[in-house]
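One structure below.
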Amino acid sequence: EDRDQATGAFEEALKLEPDNAEAWHVKALLLHLSFGRYEEANVAYLKALELKKPFSEARSNLGNLYMDQKRYDDAIAAYQTALDDVMYPAPFIPQGNMGWAYFKKGDAKRAIELIRGATTANQKYCLGYLNLAQIYESLNEVSESCKFATRFREHCPERPDAWQRDG
């Protein structure tokens, strides 16, 4: 019911201000993450990007949509565009996500390079440590996997999954 109310509120806001890029972005996030309505979310992300240039947060979230659709090359391109924006305040996010896209494509070496860079840029980037632990585990490199599981717990002690993974 809350999701339906939120959707109604954004529809009303967009009627009043149809050129509000932020509202289109939030609508896209809601459609994508809460409802799984990917095609509608894609349209809303693209509308936000049309209205505000650059809009790297929306571009990065569009990359996340592509990841959910297993469109890894499109996701990588979206993340790269977000990274090209030197004013984007959180470049470690698309960098780490791009690394995960490369991993999903089968390029673990490139994935590790990108995600390690993201964790170097932001030592509190919890997802980066988790992803590195998972990548090394998939490569059967147990000591490296354990090392990053420990870093995940050390840098993100509030996350229960960090303790579980490190254990």
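The values are calculated or read from the model by the stated rules, or taken from the named source; none is laboratory data. Computed from a prediction, not measured in an experiment: that's the story for all the values here. Using ideal geometry, Cβ is built from the backbone for each residue, glycine included, and neighbour counts are taken over all protein chains shown. Only protein heavy atoms, including side chains, enter the accessible area calculation; ligands, DNA and RNA are left aside. Shrake-Rupley method; radii C 1.70, N 1.55, O 1.52, S 1.80 Å.
Stretched out straight at 0.36 nm per residue, the stretch from LYS124 to TRP163 would grow longer than its current Cα-Cα span by 12.5 nm. The residues of the chain expose on average 55 square angstrom of accessible surface per residue, using a 1.4 Å probe on protein heavy atoms. From its DSSP helices (H runs of at least four residues, each -39,500 (n - 2.57)), the chain gives a residue-normalised ellipticity at 222 nm of -23500 deg cm²/dmol.
Largest GNM mean-square fluctuation among ALA90, ALA75, ALA101, using the chain with Cα springs under 10 Å: ALA90. Taking a ≥ b ≥ c as the square roots of the Cα gyration tensor eigenvalues, region 1-81 comes out oblate, since a/c reaches at least 1.5 and a/b does not exceed b/c. Based on Cα contacts under 8 Å between residues 6+ apart, region 1-139 shows a relative contact order of 13 percent.
Springs between Cα atoms under 10 Å define the GNM used for the chain, and in it the highest mean-square fluctuation of PRO54, PRO94, PRO18 occurs at PRO18. What whole number of Å gives the distance from the Cα centroid of region 16-90 to the Cα centroid of region 110-133? Each part reduced to its Cα centre gives a spacing of 22 Å.
Using a probe radius of 1.4 angstrom, the carbon and sulfur fraction of the accessible surface of the chain is 51%. Helix 92-105 axis versus longest C-alpha principal axis of the chain: approximately 70°, rounded to the nearest ten.
Highest GNM mean-square fluctuation among LYS105, LYS15, LYS147, for the chain modelled with Cα contacts below 10 Å: LYS15. From the square roots a ≥ b ≥ c of the eigenvalues of the alpha-carbon gyration tensor of region 78-126, which class results: rounded (a/c under 1.5), prolate (a/b over b/c), or oblate? Cα axes put region 78-126 in the oblate bin.
Residue ranking by accessible heavy-atom surface, 1.4 Å probe, largest first, among MET67, MET87, MET98 comes out as MET87, MET67, MET98. If a/c stays under 1.5 just call it rounded; otherwise compare a/b with b/c (prolate if a/b is bigger, oblate if not). Do that for region 35-138, with a ≥ b ≥ c from the square roots of the Cα gyration tensor eigenvalues. Taking the square roots of the gyration eigenvalues as a ≥ b ≥ c, region 35-138 is oblate. Computed with every protein chain present, the accessible area of ASP2 is close to 120 Å² [probe 1.4 Å].
Magnitude of the charge dipole for region 1-62, about its Cα centre and with charges confined to Cβ atoms of Lys, Arg (+1) and Asp, Glu (-1), is about 300 debye.
Given a 1.4 Å probe and the protein chains as shown, LEU46 ends up with an accessible area of around 80 Å².
Annotation: CYS146 carries an accessible surface of approximately 70 Å², with a 1.4 Å probe and no ligand, DNA or RNA atoms counted.
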